[in-house]
1. Of the numbered conditions (1) aliphatic (A, V, I, L, M); (2) out of contact with any helix residue (DSSP H, G or I) (no Cβ under 7 Å at 6 or more places or on another chain); (3) over 24 Å from residue B:333 (Cβ atoms), residue B:261 fails exactly one; give the number of that condition.
2. Taking the stated definitions as given, is residue B:172 more than 14 Å from chain A (Cβ to nearest Cβ) and within 24 Å of residue B:76 (Cβ to Cβ)?
3. Whether any residue in segment A:33-51 is within 14 Å of chain B (Cβ to nearest Cβ) and either among the aliphatic types (A, V, I, L, M) or without any contact (Cβ under 8 Å) to a residue 24 or more places away in the chain (or both) is what I want to check.
4. With respect to residue A:79, is the statement that it is assigned to a loop (DSSP other than H, G, I, E, B), over 16 Å from residue B:211 (Cα atoms) and away from chain B (no Cβ under 14 Å) true?
5. Consider residue A:10 carefully, then state whether it is more than 14 Å from chain B (Cβ to nearest Cβ) and open to solvent by 70 Å² or more (accessible area, probe 1.4 Å).
6. Which of (1) more than 14 Å from chain A (Cβ to nearest Cβ); (2) within 24 Å of residue B:191 (Cβ to Cβ); (3) in contact (Cβ under 8 Å) with a residue 12 or more places away in the chain is the odd one out, the single condition residue B:100 does not satisfy?
7. State all residues of segment B:121-159 that are open to solvent by less than 10 Å² (accessible area, probe 1.4 Å) and part of a loop (DSSP other than H, G, I, E, B); if no residue qualifies, say none.
8. Those residues that are assigned to a loop (DSSP other than H, G, I, E, B) and either under 9 Å from the mean Cα position of the chain (by Cα) or near ligand 2 (Cβ under 8 Å from one of its atoms) (or both), I need them from segment A:24-39; list them, please.
Amino acid sequence: MSEAEKPGSKSLPIGGILVKPGSSIEYKTGDWRAFRPTLDEKKCTGCLICWIYCPDSAIIRKPPIVAINYEFCKGCGICANECPVKAITMVEEGA
Amino acid sequence: MAKVIGLTGDHAIAYAAKQCDVDVVAAYPITPQTIIVERFSDYVANGEVKTEYVCVESEHSAMSACVGASTTGARVFTATSSQGLALMHEILYIASSLRCPIVMAVVNRALSAPINIHCDHSDMMGSRDCGWIQLYSENAQEAYDLTIQAFKIAEDPEILLPVTVNLDGFIISHCMEGVNVISDEEVRKFLPPRKAVYKLDPANPITIGALCFTDYYFEIKFQQEDVMKKVPAKVKEVGEEFGKITGRSYGLIETFGLEDAEVAVMCLGSTAGTARVVADKLRKSGKPVGVIKVRLYRPFPTQEIVEAVKGLKALTVLDRVATSGAPSGPLCSDVKTALYAETEKPLITNVIYGLGGRDISPENLEDIFNDALRTADVGRVDRPIKYVGVRE
Ligand code: SF4
Ligand code: SF4
């Protein structure tokens with residue numbers, strides 16, 4: 001969402017209260033990313049270690065391997081660190 | 001039916017909180033506030049109230065429990081003083097930012113060190129920007145009246161902000177006065193049960209206190225700035241409505257003798273009573289003096305004060321707090337800022353007095369009035385800050 005599209009103080013619920021449940025799905029934490037995990041599909045064995053470790057559930061199961069949901073992946077690099085076959089590399093965004 | 005009973009300021013507040021049908025009290029005892037929570041715990045033990053009384057291990061926990069309770073839609077009350085308020089400091093901001101309409105009595109007491117249990121306003125002034133509405137009472141009657149009004153102001157769906165009712169430690173908290181109390185029925189009519197706008201409810205889940213970064217924090221804080229603008233009118237409205245039941249109407253400030261005064265003294269709390277007595281005496285001997293008592297300190301009643309000081313030649317602002325290194329005490333700084341854009345304004349002097357419970361006598365106040373008259377005469381301020389009652 002661009003700055004201009006975001007709601008202002010008058011239309012936001014008071015006190016930063018989130019008035020409907022399950023709205024975190026709308027908060028695209030992918031905006032935060034400075035480094036982008038990139039998957040080498042040929043190397044990936046589908047062991048799902050990254051899927052277990054990803055703190056944002058941004059690794060998606062796509063049998064027989066995995067995929068990365070960039071709308072929510074905040075680029076922490078845990079998946080790249082944990083992957084036993086080094087199938088994930090962190091690449092600087094915009095590089 | 002109204003009746004008069006002998007109550008200390010603390011007891012009067014406990015009595016008011018009892019009549020307000022408070023759902024939750026979470027508090028920790030600290031002198032000179034202890035009597036409030038002690039009396040209230042008597043009411044709980046005697047079955048006179050249905051309040052959930054939470055005994056906590058510190059003021060930090062007390063305010064935290066109050067915030068939690070308030071978010072469920074409960075009517076919440078607590079009380080503290082001095083170090084206790086300081087320990088609550090971080091949670092005070094959370095209470096106001098999450099728009100929890102908690103009412104808290106702050107029995108004003110000096111901050112350590114040196115350790116001291118007596119009155120000054122350094123506790124509340126240390127937290128003056130915490131986003132709470134801040135009312136100051138002059139005596140036990142006002143402490144009682146303002147406590148009942150505080151819930152109505154705080155819980156108004158247009159407002160939803162916490163309120164402190166301040167009263168001077170020992171001077172008001174421990175002195176017994178005849179206090180006019182109204183019946184439980186009248187209080188209930190004036191203050192119906194709280195209707196929460198948002199509340200934690202398993203049937204309708206919401207999130208309170210979510211992370212809020214650079215993209216939304218400023219907007220949420222701006223909401224608080226915005227709602228503060230509505231508070232003065234609400235405080236006035238509630239004060240007038242209270243007057244219809246009791247005959248005691250309340251505004252944002254209270255003035256004495258200003259119709260024809262050339263100089264005035266402005267202050268918070270119990271000192272206003274002494275100032276009025278001294279001003280009355282001086283007026284009888286032909287001196288054109290008056291008094292301005294500030295009842296609503298936050299939000300600052302800028303407009304009322306601008307109007308009130310019109311025509312004054314000199315104004316002395318009394319601050320019962322040391323603000324080491326500041327250009328003047330907090331009340332005086334606020335007054336000067338409020339008047340900055342005015343073309344005609346009085347000469348302003350600041351007096352720091354009464355720290356750690358040091359008494360301010362009628363003689364002190366007479367000197368202060370006479371000084372102000374001299375300032376008006378010579379047409380300039382010679383000493384912008386004076387310390388009254390301290391040995392140099
Ligand atoms: S970089 Fe972090 S957030 Fe993104 S997929 Fe990997 S573990 Fe998840
Ligand atoms: S940890 Fe590595 S190999 Fe295992 S699924 Fe994730 S990317 Fe593939």
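1. (3)
2. yes
3. Checking segment A:33-51: not a single residue is within 14 Å of chain B (Cβ to nearest Cβ) and either among the aliphatic types (A, V, I, L, M) or without any contact (Cβ under 8 Å) to a residue 24 or more places away in the chain (or both).
4. no
5. no
6. Among (1) more than 14 Å from chain A (Cβ to nearest Cβ); (2) within 24 Å of residue B:191 (Cβ to Cβ); (3) in contact (Cβ under 8 Å) with a residue 12 or more places away in the chain, residue B:100 violates only (1).
7. B:121, B:127, B:130, B:132, B:137, B:159
8. Answer for segment A:24-39, where residues must be assigned to a loop (DSSP other than H, G, I, E, B) and either under 9 Å from the mean Cα position of the chain (by Cα) or near ligand 2 (Cβ under 8 Å from one of its atoms) (or both): A:28, A:33.
The values are calculated or read from the model by the stated rules, or taken from the named source; none is laboratory data. These numbers come from a predicted model, not from an experiment. No Cβ is skipped: glycine too gets one built from the backbone with ideal geometry, and neighbour counts run over all protein chains shown. These area figures cover heavy atoms from the full protein model, side chains too; ligands, DNA and RNA do not enter into them. Shrake-Rupley method; radii C 1.70, N 1.55, O 1.52, S 1.80 Å.
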